[in-house]
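Here is the structure we will look at, set down as structure tokens.
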Amino acid sequence: MRTTLESLSRISRTHNDHLTSVSVAELLDDMEELHRSEFLRRSIEFRLNIAPGLPKVRCNAQHLRQAVLHCLQFAIEAMDGAGQGVGKGGSESELKSVRLEATAEGNLVQILVAHSGPGFLNPERAFDPFAPSQPAGETVGLGLALCASILREHNGRASAVNLEPRGAAILLELQAN
């Protein structure tokens, strides 16, 4: 499956596939502007927090944009059922929210996409398209698997964690320029 996903990732590349110095801050600002209406339409609070002085990363900007978009789409889908009924430690009026954060730690730029919906059944398998992500048995699909493949191709990594008392986050890490 990994080979198939990496092949799909290569096929989707444009022929002008060179790496450039990319401002993660500008990329995330643009994405926030483009997708804000989607969050509003779905009554999801969206917060963007970018650390000042964030270094650039060397990557293909379109591929990084696609990886972040897969994470945002996963967060939106996780929110579709959230706040409708009583959840673990929650109430019917529980706020649906998505956070997009970018920070630098050492020589890494970290992009965090977190949501207040249900957590992963097994965070270690979050990027496996055949592993169920929720108790209902629904699978994550190809989006997060493609995201992890894109990060690997850029010498980065993707990881997933559950948040307490509720929620989940995906962390994307890339080398600073």
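Just so you know, all these numbers are worked out from the coordinates, no wet-lab data involved. All of these numbers come straight from a predicted model, not from anything done at the bench. Every residue, glycine among them, receives a Cβ derived from its backbone with ideal geometry; neighbour counts consider all protein chains shown.
Some points to look at:
- The peptide list 142-151, 64-73, 49-58, put in order of mean Cβ contacts within 10 Å with the highest first, becomes 142-151, 64-73, 49-58.
- Under Karplus coefficients 6.51, -1.76 and 1.60, residue-wise ³J(HN,Hα) of segment 34-49 in Hz, glycine/proline x: 5, 10, 4, 4, 4, 5, 4, 4, 9, 6, 10, 5, 10, 10, 10, 9
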